[in-house]
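The values are calculated or read from the model by the stated rules, or taken from the named source; none is laboratory data. Keep in mind the model is a prediction, meaning the values are calculated, not measured. Cβ sites come from the backbone with ideal geometry, for glycine too, and all protein chains shown count toward neighbours. With ligands, DNA and RNA removed, areas are computed over all heavy atoms of the protein, side chains included. Shrake-Rupley method; radii C 1.70, N 1.55, O 1.52, S 1.80 Å.
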Amino acid sequence: MSSLTELLLATQVPDKCAAAEAQIRAAETNSVDGYFTALAQELAGADKPTVARQLSGLLLKNGLYSKDPARDRELKTRWMGLQAQSRTVVKEATTSALIAPELDIGKAAAQVLAKIGAIEIPAGEWPGLVPLLLQHVTNTDPRARQISLITLGYLCEDLVLLQEEGTTINDEISNNILTAVVQGMRDGDTATKLEAARAFYHAVVLAQRNFRKENERDFIMMVVTETCRCPGAEAVQIAAFECLVQIATEYYDFLMPYMNTIGPLTWETIKSSPEKVAIPAMEFWSTVCDEELYLGDLVASGQAGQRTPLNLIQQALQFLVPLLTETLTKQQSEEDDDTWNLAMAAGTCLGLVAQVVGDSCVDLVLSFVEANFENPDWKYREAAILAYGSIMEGPTSDKMRPLVQRSYVHLVRSLNDRSVAVRDTIAWTLGRIAQFHPAIVPVKELTPVLGEKLQDVPRVASNICWVIQVLAEAQTPITGLQAPETTPLSEFFPSLAQALLQVVARPDADERQLRMAGYNALSMLCIRAGNDCLGHMGTLVQEMLNHLSMSFKNVDRECELQGFICGVLTGLVNRLREKVLPAADRVMEETLKVISAYQQVRGGAQVLQEEALLLAAALANAVGANFERFMPHFAPHLRVGLQNYDDIQVCTMATGVIGDLCGALKGKIITYCDTILQILYTNLQNPAVDRKIKASIMPCFGDIALAIQGDFEKYLAPVVQMLLEASNTRLQDGPANNEEWVEYLNTLREGVLEAYTGIVHGLKDAGKLHLFKEHVMSVLHFVQVISEDTSVSEPVMKAALGVVGDLVLGFQQELTMHLGNATFLARIVEYASRCQDPGIRQNATWLQSLLQKYGGPQQ
């Protein structure tokens, strides 16, 4: 048996690595206590090789934490289950390693201590950790101060995540950490100051109590702004401005008294400091914009409570806009290398400013635009056009209409500018106008020009494709199966489609993602075209099938090219509907080729290419029962998608395709129901399957019941059991104040209700509704629970009203006599009366009429 040191070193030797790792895993399995204590002693061993000590720290950290939430919970539970003596040994050994002469050893120990602290502090264990670190912060040795602050930074980062998940962090702990970190930011040693600022970035999130006290808040803000000015230490300044950004995010409501300091500080930094310092100073203003936009949304929805916008951007406008427009001119090169720089940050900030203040910024920006639009220096011309494009989102079309009308001729003329950067930005600006003010775009004048400019260099042509895509998207959307008879783009459809086909065939189309942009534009052009363009689409289907057939000479790991072409075909199939039937066999053949090619480039893995899956679903919707002949070939691939739950997006999409197949095949889907339902049951019962997938499964049960009607009888019991288990999920089962959990719960509940609706209709149509009778009260109890939950969404309540109405319609007096004076009915009807959605109010009116008709409680 090798020593631990030898095993750790062997993991770095290729031919010994596997065996060494196996022995280490075996040691962990045989005795977790022994494993942890041995690693901690290795980490603390001053006589051990540095590499072995670092690796022991890494293994300790990985034994305490995992990115996978379920595994992470297991590891935390395992740690707390260790003998107290073993935990003490690990903590003492790791603490001694913290102040090792080698900084990398100290950092490894810091990560381990932070992970232990994140487990034990919320549980009220190890009260001495933070005081211990505080002692080091006051140590005369700068190295000890730095490593303690690094540890506090790691610890705060973990505690913030716990707090976001609903764990309460003791105020005393937060206060002690903040005190130490702020003290470190005032340290004379630059390296110590830097680590303190980095730790503060996380610690300040825990400082709600401190920020509510004016004197403490004043002191904190003074220290942070002083640190932003730290002379000769750019890294410290960057970290301090990032702290200021964090404060703007977490404590926007408290900013007003400090803006007379922060404003000039950030503006001067943006003007005169090196770019890497100026960028986070600029980010402060972008963050204030984000907060004011968010707060504006809360106010508009009546959810702001006592919070009110401070209107900081409006107040700073006269200073901020000229600074931003001037900063736009600081481009270094015409080459667009996508590296984030100060000019890009200024453009982003200006766009946010326009969203916040709307029309108020237009005249200020316009003065810069008019002064520089024809400047001989390309940087100023491009900055002027970038400023113009940046303010398109926010101001009203009424404000922008005369400006766009005046500028249109100049913008189009500038598409011939000698500077590629200017032409590129002109194209982007035209797209922004079309995106946010479609009604004021002169489509007939602009579109022919766009067709010509598709021949420009890939950088410009790619943006021209985007303009065409946005123009197409702005046409009247299809409602249901009804498309407009014609659109302003109809007369240009053949020429634009032909020009885009030439774009994707260009030898340089791989540059600047031009080919992708071309296919995306063509797809949107077809999706939003008028019915008067349908005659051209049959030819395009054949053209795209030829493209797809030729594309297999060039198959990358993602089948990216094939995905683009499938996207265009999906749009065409959705538009042509049953008219695509003559080409259906070839469409399916090429779809299956894409799926097979994708599996081959993935080394034979059981995976499913998502654009091909969407194309198959579109074909099923288009040809209906005729899709039955393709099912023997498609069903095995659908099964792959349903079983591949590691790919959440594809598995969710495959689950949704079940509904498409049910709608297309009707009762003929019965052949595949045993296999499909068994996979769905397995996915629901598997804890490793993502909850989003599980939520998407629910409506499938209703789709299947509607399709096979009376034949659903054999599946009724297990399906209802799954629905009951899902309906027992409550708001309190998830993390507190978590928007993602609330959204998931609403999606899950809506899916369950849709399933019940489908089952009720399917059984009723087959004359077998009596089979559902024993489950009615469970459904009504579920609706009652929903009616008592304030986090419920309108779609859920709409579905709840619908399913209760379906049950009343189905069981009539037999049900209404049992409802009595059910208060939950009054609640859901009253909820509906407050909603803006006419659909939910209509459902409520319908339910009330049914209750009146069949003698139920009057609402």
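Before moving on, here are some points about what is shown:
- Look at segment 612-640: where a residue is closer than 20 Å to Cys651 by Cα and among the aromatic types (Phe, Trp, Tyr) and a partner is assigned to a helix (DSSP H, G or I) and open to solvent by less than 10 Å² (accessible area, probe 1.4 Å), sitting 6+ places away or on another chain with Cβ atoms under 6 Å, you get Phe634/Ala616.
- For segment 758-796, a tally of residues being farther than 21 Å from Leu819 by Cβ and not in a helix (DSSP H, G or I) returns 6.
- The number of residues in segment 566-616 being surrounded by fewer than 16 Cβ atoms within 10 Å (Cβ to Cβ) and either outside any helix (DSSP H, G or I) or at positive phi (or both) comes to 6.
- Candidates are the residues of segment 117-154 that are surrounded by fewer than 19 Cβ atoms within 10 Å (Cβ to Cβ) and hydroxyl-bearing (Ser, Thr, Tyr); the one that is farthest from the chain's Cα centre (by Cα) is Thr140.
- When Ala191, Ala123, Ala197 are checked against the criterion of being under 18 Å from Cys228 (Cβ atoms), among the hydrophobic types (A, V, I, L, M, F, W, C) and either outside any helix (DSSP H, G or I) or in contact with a Cys (Cβ under 7 Å, 6 or more places away or on another chain) (or both), a single residue qualifies: Ala197.
- Residue satisfying all of: in segment 624-657; open to solvent by 10 Å² or more (accessible area, probe 1.4 Å) and of a type in the set (A, V, I, L, M, F, W, C); nearest to Lys694 (Cα to Cα) among these: Ile648
- Inter-residue pairs, beta-carbon under 6 Å, first in contact (Cβ under 8 Å) with a residue 24 or more places away in the chain and on the phi > 0 side of the Ramachandran plot and in segment 530-555, second assigned to a helix (DSSP H, G or I) and exposed (fewer than 14 other Cβ atoms within 10 Å of the Cβ), 6+ apart: none
- Among the residues of segment 500-515, those identified as closer than 15 Å to Leu548 by Cβ and either touching a residue at least 24 places away in the same chain (Cβ under 8 Å) or open to solvent by less than 50 Å² (accessible area, probe 1.4 Å) (or both) are Leu501, Val504, Arg515.
- Residue among Pro484, Pro488 that is part of a loop (DSSP other than H, G, I, E, B), open to solvent by 40 Å² or more (accessible area, probe 1.4 Å) and farther than 30 Å from Gln600 by Cβ: Pro488
- Residues considered: Thr348, Thr339, Thr325, Thr329. Of these, the only one that is open to solvent by 60 Å² or more (accessible area, probe 1.4 Å), polar (S, T, N, Q) and under 30 Å from Asn260 (Cβ atoms) is Thr348.
- Of all residues in segment 413-437, those that are within 19 Å of Pro402 (Cβ to Cβ) and outside any helix (DSSP H, G or I) have Cβ atoms under 9 Å from Cβ atoms of residues that are of a type in the set (S, T, N, Q) and open to solvent by 10 Å² or more (accessible area, probe 1.4 Å), 6 or more apart or on another chain, in His437/Thr396; His437/Ser397.
- Close Cβ contacts (under 7 Å, 6 or more residues apart or on different chains) running from residues in segment 329-358 that are of a type in the set (S, T, N, Q) to residues that are open to solvent by 30 Å² or more (accessible area, probe 1.4 Å) comprise Thr329/Lys379; Thr329/Tyr380; Gln331/Lys379; Asn341/Glu275; Gln355/Leu293; Gln355/Glu393; Gln355/Gly394.
- Residue ranges of helices (runs of 4 or more DSSP H) in segment 1-83 with at least 3 members under 26 Å from Gly117 (Cα atoms) and either in contact with a helix residue (DSSP H, G or I) (Cβ under 8 Å, 6 or more places away or on another chain) or open to solvent by 70 Å² or more (accessible area, probe 1.4 Å) (or both): 14-30, 32-44, 50-62, 69-80
- Contact map, segment 93-121: residues that are under 19 Å from Thr138 (Cα atoms) paired with residues that are among the acidic types (Asp, Glu) and surrounded by fewer than 21 Cβ atoms within 10 Å (Cβ to Cβ), Cβ distance under 9 Å, separation 6+ or inter-chain. Pairs shown: Ile99/Asp141.
- In segment 849-859, the residues that are at pLDDT below 90, part of a helix (DSSP H, G or I) and polar (S, T, N, Q): Gln852
- Hits in segment 199-228 (condition: touching an Asp or Glu at 6+ places or on another chain (Cβ under 9 Å), under 23 Å from Leu265 (Cα atoms) and open to solvent by 30 Å² or more (accessible area, probe 1.4 Å)): Tyr201, His202
- Residue ID - farthest from Asp218 (Cα to Cα), chosen from residues in segment 259-272 that are hydroxyl-bearing (Ser, Thr, Tyr) and surrounded by fewer than 19 Cβ atoms within 10 Å (Cβ to Cβ): Ser272
- Identity of the residue in segment 229-241, out of contact with any Leu (no Cβ under 8 Å at 6 or more places or on another chain) and within 19 Å of Met282 (Cβ to Cβ), that ends up surrounded by the most Cβ atoms within 10 Å (Cβ to Cβ): Ala240
- Once segment 452-478 is narrowed to residues that are over 19 Å from Met537 (Cβ atoms) and not in a helix (DSSP H, G or I), the residue that is most open to solvent (accessible area, probe 1.4 Å) is Gln455.
To keep it simple, each residue is scored yes or no on (1) within 29 Å of the chain's Cα centre (by Cα); (2) open to solvent by less than 40 Å² (accessible area, probe 1.4 Å).
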position: Glu750; (1), (2): yes, no
position: Ala755; (1), (2): yes, yes
position: Leu763; (1), (2): no, yes
position: Lys773; (1), (2): no, no
position: Pro795; (1), (2): yes, no
position: Thr816; (1), (2): no, yes
position: Asn821; (1), (2): no, no
position: Asn843; (1), (2): no, yes
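- Scanning segment 434-457 for residues that are within 29 Å of the chain's Cα centre (by Cα) and either of a type in the set (Val, Ile, Thr) or within 20 Å of Ser523 (Cβ to Cβ) (or both) yields Ala434, Gln435, Pro438.
To keep it simple, each residue is scored yes or no on (1) part of a helix (DSSP H, G or I); (2) at pLDDT 95 or above; (3) acidic (Asp, Glu).
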| residue | (1), (2), (3) |
| --- | --- |
| Val503 | yes, yes, no |
| Pro507 | no, yes, no |
| Gly518 | yes, yes, no |
| Ser523 | yes, yes, no |
| Cys526 | yes, yes, no |
| Asp532 | yes, yes, yes |
| His536 | yes, yes, no |
| Thr539 | yes, yes, no |
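- Glu740 vs. criteria modelled with pLDDT under 95 and either in a helix (DSSP H, G or I) or among the hydrophobic types (A, V, I, L, M, F, W, C) (or both): yes
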